[in-house]
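Novice: Can you keep this structure in mind? I'll have questions shortly.
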């Protein structure tokens, strides 16, 4: 039988959510072109009530992590890594367009 504790007894519905998309991919950014694993999170809005439609926030919010050196994602890298950020943003956009289904147009 699972132990009952504060986490189990205090569960409640999430009132607000933060929608985001992520991409995780290896890039040759390590020493001598070695592959390192990178992750980019793109947050679209902060604290959107779960009952309201999704709308874009005031500006893009990104988190960039080198998972090879920071596997616990404790350090959000600044956008000075513009080459890596640009590569990951391009991958994220391409994957979003390739995998998100669009409604069919009426015939």
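Read-outs: derived from the displayed coordinates by stated rules, not from any lab. Note that the structure is predicted; figures quoted are calculated from it, not measured. Here the Cβ positions follow ideal geometry from the backbone for every residue, glycine too, while neighbour counts run over all protein chains shown.
Novice: Would you order 69, 37 from fewest to most other beta-carbon atoms within 10 Å of each residue's own beta-carbon?
Specialist: Fewest-to-most ranking of 69, 37: 69, 37.
Novice: Using r as the Cβ-Cβ distance of residue 25 and residue 76, and R0 as 22 Å, what FRET efficiency do you calculate, to the nearest 0.05?
Specialist: Rounded to the nearest 0.05, the efficiency is 0.80.
Novice: Starting with the fewest neighbours, write out 99, 39 ranked by other beta-carbon atoms found within 10 Å of each beta-carbon.
Specialist: With the fewest neighbours first, 99, 39 line up as 99, 39.
Novice: What ranking of 29, 82 emerges when the number of other C-beta atoms within 10 Å of each C-beta is taken as an exposure proxy, fewest first?
Specialist: Arranged by neighbour count, lowest to highest, 29, 82 become 82, 29.
Novice: Using a simple spin-label model with points 7 Å from Cα along the Cα→Cβ vector, what separation in nm is obtained for residue 83 and residue 43?
Specialist: If labels sit at residue 83 and residue 43, their model points lie 2.9 nm apart.
Novice: Return the distance in nm (one decimal) between the two label points of a simple spin-label model at residue 35 and residue 97, each offset 7 Å from Cα along Cα→Cβ.
Specialist: In this crude label model, residue 35 to residue 97 measures out at 2.6 nm.
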